[in-house]
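The values are calculated or read from the model by the stated rules, or taken from the named source; none is laboratory data. Everything numeric in this text was worked out from a predicted model, so none of it was measured. Note: ideal-geometry Cβ built from the backbone for every residue, glycine included; neighbour counts use all protein chains shown. Areas reflect the complete protein model, heavy atoms only, side chains present, ligands, DNA and RNA absent. Shrake-Rupley method; radii C 1.70, N 1.55, O 1.52, S 1.80 Å.
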Amino acid sequence: VAKKQGRGRWALFDVSMREAAIDALVMQNALKQALANDEFSVVYQPIYSTLTDEICGAEVLVRWLHPVLGPVSPDRFITVAEDIGVIHELGSWVMHKGCAELQRWKAAFPELELHLNVNVSGVELNRTGYVSQIKDILAQTGIDAHDLQVEITESVFLHQPETIAQVLEGIRELGVRIALDDFGTGYSALGYIDRYPIDAIKIDQSFVSRMMAYHRSDAIVRSILSLGRALNIDITAEGVETLPQLLRLREMECPFVQGFLLSRPVNAEKIMILLQCQKTKLATTF
Ligand code: C2E
Ligand code: MG
Ligand code: MG
Ligand code: MG
C-alpha cells in the first residue's frame, strides 16, 4: 500500500520506521552499559521555603551523558530503563548518591534542616525488597528517614494498586515521606490523596506557567493550596520561572517553591556554595 503512494513516501515511511527501531535498540544497549561506564551523574535543584526565602531541601535529578549520543533527557531514557530492567540499579545509585551528598551538606551546615527528594518509578516500587533497600541506603549514609522524601507520579497507581499501597505503607513506616509529583496532570489525583499515605504534593509546572495568564489556572493552584492546608499536606510549586509567579505564590501562601527563577538544577558543589552564600547573606545565582 505504501509503495502505491509513490517512491518518496515509501522511502520516508521506511526510513523513519527503521530509525525509530534502531534508536530504541541503540538506546537500550547504550543504557545497559551506562552504569558500568560511569556515564550517569546527578544534579540537584534546590527547593525554597517562601516563609524564610531559604533553601530547605533539594531534588536529585539524574543526568546521562553518552559518549556518542550526547546528553539524553531523563524524560526519554527513564521509561527505556524501566523496560529493560536497569531502573532498579540506576534508582538505587541515584538515591545512595543523593543521601551521601545530603549527609555532606548537613555536616557542613548542621544548623539547617535540609531534606532530599528522590524521584522513584512505579517499576522500582514494585520490586520485592524495595523498602529494605531504602532502609539500607539510609543506614549506609546516616540519613534520618524523615529527611528523605520519595517523589512518585500518579502513573504508579495504574498497575498493581494493592502492591503499591503496601509498599507505600512500608516506606511510610520507615519514616520516609511520600510526595505526589506532577500533581494535577493525571487521571484522578484526588482519589489518590484520599486513599494513599501522601505527605506532600508538587503542583505541576503547567499550572504555574499558566497561572498569571489564566484565572482558571490561578484558581486551581489556589484550590490545591487550600486542600493542602486542610489535609496537612506540604505543597511545592514546581517550574517557577518568573518573579510575578513567585510573588503570586507567596501571596497565596504556597509554602515551598522550586524553579529556574530560584535556581536551575546544579552540581553538588554549587549547592554547597549556595548554602554558604545563604549563610553569609551573599547573593548568588547560577
Ligand atoms: P520532575 O521530577 O517533575 O522534575 C522536574 C523537571 O523540571 C526537571 O527536568 C527539572 O530540570 C525541570 N525544571 C525545574 N524547574 C524548571 C523550570 O522552572 N522550568 C522548566 N521548564 N523546567 C524546570 P529533568 O531533570 O529533565 O527531569 C525530567 C523528569 O525525569 C523528572 O520530572 C522526573 O520525572 C524524571 N527523573 C529525573 N531524574 C530521575 C531519577 O533519578 N529517577 C526517576 N525515576 N525519574 C527521574
Ligand atoms: Mg520530581
Ligand atoms: Mg514534577
Ligand atoms: Mg515531571
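Things to note:
Yes/no per residue for (1) farther than 28 Å from SER41 by Cβ; (2) assigned to a loop (DSSP other than H, G, I, E, B):
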{"residue": "LYS202", "(1), (2)": "no, no"}
{"residue": "LEU227", "(1), (2)": "yes, no"}
{"residue": "CYS254", "(1), (2)": "yes, yes"}
{"residue": "LEU274", "(1), (2)": "no, no"}
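- Tally of residues being more than 16 Å from the chain's Cα centre (by Cα) and free of Cβ contacts under 8 Å to residues at least 60 places away in the same chain across segment 248-269: 5
- Scanning segment 150-163 for residues that are crowded, with 18+ Cβ neighbours inside 10 Å and either of a type in the set (S, T, N, Q) or under 26 Å from SER217 (Cβ atoms) (or both) turns up GLU151, ILE152, THR153, GLU154, VAL156, PHE157.
- Selection from segment 231-272 of residues that are over 30 Å from ARG195 (Cβ atoms) and either in contact with a Pro (Cβ under 6 Å, 6 or more places away or on another chain) or within 14 Å of ligand 2 (Cβ to nearest atom) (or both): SER263, PRO265
- Verdict on GLU253 being among the acidic types (Asp, Glu) and within 15 Å of ligand 4 (Cβ to nearest atom): no
Conditions tested, residue by residue: (1) open to solvent by 10 Å² or more (accessible area, probe 1.4 Å); (2) within 14 Å of ligand 2 (Cβ to nearest atom).
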{"residue": "HIS88", "(1), (2)": "yes, no"}
{"residue": "GLU111", "(1), (2)": "yes, no"}
{"residue": "VAL118", "(1), (2)": "no, yes"}
{"residue": "ALA139", "(1), (2)": "yes, no"}
{"residue": "LEU148", "(1), (2)": "no, yes"}
{"residue": "ALA165", "(1), (2)": "yes, no"}
{"residue": "VAL176", "(1), (2)": "no, no"}
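- The residues listed here are ASP194, ASP181, ASP199, ASP218; of these, the one that is more than 16 Å from ligand 2 (Cβ to nearest atom), of a type in the set (Asp, Glu) and modelled with pLDDT of 95 or more is ASP218.
- Residue count for segment 230-286 under the criterion of being open to solvent by less than 70 Å² (accessible area, probe 1.4 Å) and charged (D, E, K, R): the result is 3.
A quick yes/no check of all residues on (1) within 8 Å of ligand 1 (Cβ to nearest atom); (2) open to solvent by less than 20 Å² (accessible area, probe 1.4 Å); (3) in contact (Cβ under 8 Å) with a residue 60 or more places away in the chain:
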residue	(1), (2), (3)
ILE47	no, yes, yes
LEU51	no, no, yes
ILE55	no, yes, yes
ALA58	no, yes, yes
HIS66	no, no, no
PHE77	no, yes, no
GLY85	no, no, no
LYS97	no, no, no
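- Of the residues making up segment 206-223, those that are within 16 Å of ligand 4 (Cβ to nearest atom) and crowded, with 17+ Cβ neighbours inside 10 Å number 3.
- Single residue of VAL60, VAL42, VAL68 found to be part of a loop (DSSP other than H, G, I, E, B), of a type in the set (A, V, I, L, M, F, W, C) and farther than 24 Å from HIS159 by Cβ: VAL68
- Segment 229-252, residues that are assigned to a helix (DSSP H, G or I) and not small (Gly, Ala, Ser): ARG229, LEU231, LEU243, PRO244, GLN245, LEU246, LEU247, ARG248, LEU249, ARG250, GLU251
- Test: GLN133 is assigned to a helix (DSSP H, G or I), open to solvent by 10 Å² or more (accessible area, probe 1.4 Å), over 23 Å from CYS56 (Cα atoms) and touching a Ser or Thr at 6+ places or on another chain (Cβ under 7 Å): yes
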